[in-house]
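Single-structure report; data block below.
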Amino acid sequence: MFGDVPPFLDLDEAYWQSLMNDAEAQTSERPPGERRAAASMRPDDVDALWLAAQRAFESATQITVSAAGCNRGGLLIEWNGLRGFLPSSHICGLTPHQDEDTRRTELMQRVGRAYDVRVIEIERGQGRFVVSERLACAEPSRRDAMWDDLAHDQVRDGTVTNVCDFGVFVDLGGIEGLLHISEISWGRVNHPSDRLTLGQRVEVLILSVDRAQRRVALSMKRLSPDPWLTVGERYRVGEIVEGMVTSVVAFGAFARLADGLEGLIHVSELAEGNFLHPRNVVCEGQTVHVRVLNIDGAHRRLGLSLRQVNGAEVKTSHVLKASEA
């Protein structure tokens, strides 16, 4: 069954490079007269092609590619001159549990054919264009049933299939949903890869289902309460708490007191005297004791002071540690 197919994207950089190098070397397994169309294209045309592939990926649109060659990992494909890769684990009807020679023979027999696929990874800077036939060849009736089974506010288990700058895609068992970066955590997330990895199992909440556009919006953070709703109950003005510096900027530093709760130590509250930059006082990852100056849960703001703690003896019995918050 489609939902039982283990996700791709389990290849590390070295393995991926070896596959591509292997494909380049195996000219005898590529069809006669094959040409790299992209090599003769204008830069603007190449840009447009990558943009079209990116849009196909983001919209989960099905495209048709041709198999131009093969190697031990799968098929080397082309789409309008753009070269990419179709892994063996994402080819429909491939005989399972084969030895390497048998698998190579079966893959060679598939060279020259056209395949309806979905884009599962695209990264122009790395020259990556990876597609899946399995995502595209699930039976329509079964896919319709899958869509009918999805609903707002459902909690589902899934697998991360792709990590992008704007979020991650999660396979819900045949249908992929988008977990936007803003829905990963109540706290700041600089990049989705800081929190999630390819192949990771996650629990997500379905925010919306657009059957017409075939889009599903997901959230992880909403499976737990918004910490800003109770920030006034957990902290008091004047209290000394423990936090970790998460970011240092020209106007001060941000410190995380608990997951999803970050406060600003303004430059004027960092230290006494003059200093060139906040980085001369604190650095990312540093644990600090700070005094709570103000609490504004409605606007998700916390004002903190390091200056009003340094130079004074901290009574540990009055310190609320971030791990206990």
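Going through the range 89-113 one residue at a time, which ones are in contact with a Lys or Arg (Cβ under 7 Å, 6 or more places away or on another chain) and either among the polar types (S, T, N, Q) or crowded, with 21+ Cβ neighbours inside 10 Å (or both)?
Across the range 89-113, the qualifying residue is only 90.
For the range 230-239, indicate whether the set of residues that are outside the structural domain of residue 181 (by TED's automatic domain parsing) and in contact with a helix residue (DSSP H, G or I) (Cβ under 9 Å, 6 or more places away or on another chain) is non-empty.
Within the range 230-239 (the criterion being outside the structural domain of residue 181 (by TED's automatic domain parsing) and in contact with a helix residue (DSSP H, G or I) (Cβ under 9 Å, 6 or more places away or on another chain)), the answer is yes, since at least one residue qualifies.
Give me the residue from the range 148-180 that is part of a loop (DSSP other than H, G, I, E, B) and hydrophobic (A, V, I, L, M, F, W, C) and, out of that set, surrounded by the fewest Cβ atoms within 10 Å (Cβ to Cβ).
Out of the qualifying residues, it is 151.
From the list 173, 199, exactly one residue is under 18 Å from residue 135 (Cβ atoms) and touching a helix residue (DSSP H, G or I) at 6+ places or on another chain (Cβ under 9 Å). Which is it?
173
Would you confirm whether or not the range 283-303 contains a residue that is of a type in the set (Asp, Glu), touching a residue at least 60 places away in the same chain (Cβ under 8 Å), assigned to a strand (DSSP E or B) and touching a strand residue (DSSP E or B) at 6+ places or on another chain (Cβ under 8 Å)? Don't jump to the end; show me each part of the working.
Of the range 283-303, the ones of a type in the set (Asp, Glu) are 284, 296.
Filter once more, so that each one left must be touching a residue at least 60 places away in the same chain (Cβ under 8 Å): none.
Within the range 283-303, none of the residues are of a type in the set (Asp, Glu), touching a residue at least 60 places away in the same chain (Cβ under 8 Å), assigned to a strand (DSSP E or B) and touching a strand residue (DSSP E or B) at 6+ places or on another chain (Cβ under 8 Å).
The values are calculated or read from the model by the stated rules, or taken from the named source; none is laboratory data. Just so you know, these numbers come straight off a predicted model, no measurement behind them. With ideal geometry, Cβ positions are generated from the backbone for all residues, glycine too; neighbour counts draw on all protein chains shown.
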